[in-house]
1. May I ask for the net charge around PRO247, where only other residues with Cβ less than 11 Å from the Cβ of PRO247 are counted and Lys, Arg are +1 while Asp, Glu are -1?
2. Looking at segment 295-382, which chymotrypsin sites (Phe, Trp or Tyr not before Pro) are DSSP coil and have at most 12 other C-beta atoms within 10 Å of their C-beta?
3. Between segment 424-461 and segment 394-411, what's the alpha-carbon centroid distance in Å?
4. Mind checking the dipole of segment 4-231: about its Cα centre, +1 per Lys or Arg Cβ, -1 per Asp or Glu Cβ, Debye to the nearest 20?
5. Just want the answer: with Cβ charges of +1 for Lys and Arg and -1 for Asp and Glu, which residue in THR254, PRO408, PRO234 is farthest toward the dipole's positive end in the chain?
6. Here are a few candidate values for semi-axes √(5λ) of the Cα gyration tensor in Å: [x] 46, 34, 19; [y] 44, 37, 25; [z] 39, 31, 25. Which one was actually calculated from the structure I just gave you?
7. Magnitude of the Cβ-charge dipole of segment 559-655, K/R +1 and D/E -1, about the Cα centre, nearest 20 debye?
8. Which percent, nearest 5, of DSSP beta bridges in the chain are antiparallel?
Amino acid sequence: MLPKTVFYYGSREEIPEPVGLVAGPLTMQFEPLTGLVRYIRIGDHEIVRAIYAAVRDQNWATIPPRLSNIKQEIGKHFFRLSFDVECRQGRIDYFWRGEIVGESDGTIRYSFDGEARSSFERNRIGICVLHPIAECAGHPCRVQHSDGKEESGTFPRSIAPWQPFYDVRKISYSLAGVSAQISFEGDEFEMEDQRNWGDASFKTYCTPQSRPKPTIVKPGDRVQQSVTLTLQKPVRAVLPVTLGRPPQISISTTPVMQLPPIGFCLARSPSPQPSAPVGERETDAFSQGQVERLRLLRPAHLRVDLRLSSGDYQSILESAIRQSEALNASLHLALIISNHAERELRGFVKLVMRLKPRVSLWLIFHEKEESVQERWVKLAREILQETGSALIAAGTLGFFTEFNRNRPPADSIAFPCFSLNPQVHATDMATMVENLAGHAMDVETAREISPKPVVLSPISLRIRQDIEGPAKAWTTNLPPDVDPRQMSLFGAGWTVGSIARLATTGHIHSLTFFETIGWRGVMESESGSPLPDQFSSIAGAVYPMYHVFADIAEFPGKQIQPTHSSHPLITEGLTLFDLKGQRRILVANFSNQAQEVKIKSGTCEARVRYLDETNVERAMLEPEKFRSEAGEKCASVAGKIALRLLPYGLARVDID
């Protein structure tokens, strides 16, 4: 029997509870695992989403902090915290001491005092401040520079491709009748629009991007910085209206939207088996049991990536054809071209004419361009027309930022395409949930760039890597694009939130999630995880997210109604309905606390089936039996259906 935490979030380690803090009229949380202060609020309103410090190496990887010697003095209206932090990874050995002070007048000061203990290359060391999107986007602010000059500005409403503000010494803005000022010391700071990478925040950070990087750090090098938040006096008391109350889910009857087609990526690098020679691939053939389970998800398409410049992709395409035929799904063929694209494409077309894959969408990328230029897209369409009438998407293998900074012409012939993942800058679960809103904003800004609906491909939990070639042998550590939360209840809940947020933008061509089988998939291989201590899956089992996709696939209606959560950082919902008036509502609890959630459903009777710690192992091992269960009968009371969601639990609510 695996511990609850593995089913919760894929790890055997307990995550410490955040510490609630008060500084006069402000409330916030301190995370003892990361040293991060999150959700600095007055009433329900966020003034600052987070303040934290980071050590980032020459590849922009954040070195995990290890906190110790935490000392705290917490009063009713003030606090003082201090702690030691070690950041060690590879050649990097960095120590810093943090201090966070909150005063009864609402002043908060975060101090960083660091020293290198080894020689290494870094891109950034120091404090970052995250500004919330809901309260800031489109609203005015005032920036003071290091020379004392001030400028009036506005937080961008649409996602800014480049930094909105440079050389930030102080920034001021108002919300809920309160004026806040944030001051920075110890380095030159500037701001970026983190929505470019799917984050739901603006970030003011140190070391400007204009400086050369990476920079060599030598033993004994010191960094001392501080950030101070102050409120203009007098401060008007703001009482919370939503916080402290149970979450509620409300469903809008308009606008009615169509659920976008949902597909999956084919497994690119199956997990190496303990008994297999280093680097050997598993067979690409599904077992009959896997075929039956994957068919139940009714994938609209399967994505496979082909690097045409390698010339060695025929076997990959042949495998993709076999798998698409087994699952009765069309292919989204992602073609990665080079400057020799015409020769590559003509050779590829000959192979396609012989193998005759069932292609519903071509995705065009260039291996040397951040976002593919329109000339390559036109060339690809001209040559690929010989194979039939499949549509074309084009864009970037990277993030929305590459697409945003290299915008196609408004009359481009291709659907825009980019990938999404929730942890470019941070890996904690709270950030992943926050960034569901950032992903939706990527789509909204893409709408302003192109009138064509967006192809979101792929959507993954971590940054996608190693797009082609044989599997690496990961014998001691997980690959960097594998997240143990893939097989967890949290991973399933995040999936509900992702589909709900993206689909209700109304500007989606298709969604491509995860992979079919393996570490990055919706179900485990029959041989299981080769690193069970780090990825504690069950051989041959499905992951909890499998049931999310199955619940959507088996419902007869593919229309959705916008579903709103009063506490979107705690719970989220997705509502499907059909022409007969049936509704299916999926609700997810993102938190480690049981939640009493009410759905404003009107007078009705429903059946509720839970997926949580009480039945998740059975649901993973015997998905067919679990799926045959209709759930418990439940009647609304005062027009609301009451749910009790256990930590990271999900509910499926069927209403006739």
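1. Working: positive: ARG245, LYS598; negative: GLU572, GLU596.
Within the 11 Å Cβ shell, the charges total 0.
2. Details: sites: TYR313, PHE348, TRP362, PHE365, TRP376; in loops: TYR313.
Loop-located and lightly packed - none at all.
3. 13 Å
4. In total the dipole reaches around 340 debye.
5. Among THR254, PRO408, PRO234, the one farthest towards the positive end of the dipole of the chain is THR254.
6. From the options [x] 46, 34, 19; [y] 44, 37, 25; [z] 39, 31, 25, the structure gives [z].
7. For segment 559-655, the charge dipole is close to 360 debye.
8. 80 percent
Values quoted throughout were computed directly from the atomic coordinates according to the rules given, and no laboratory measurement underlies them. In this text the structure is predicted, and so the values were computed from the model without any measurement. Note that each Cβ is placed from the backbone with ideal geometry, even for glycine, and that neighbours are counted across all protein chains shown.
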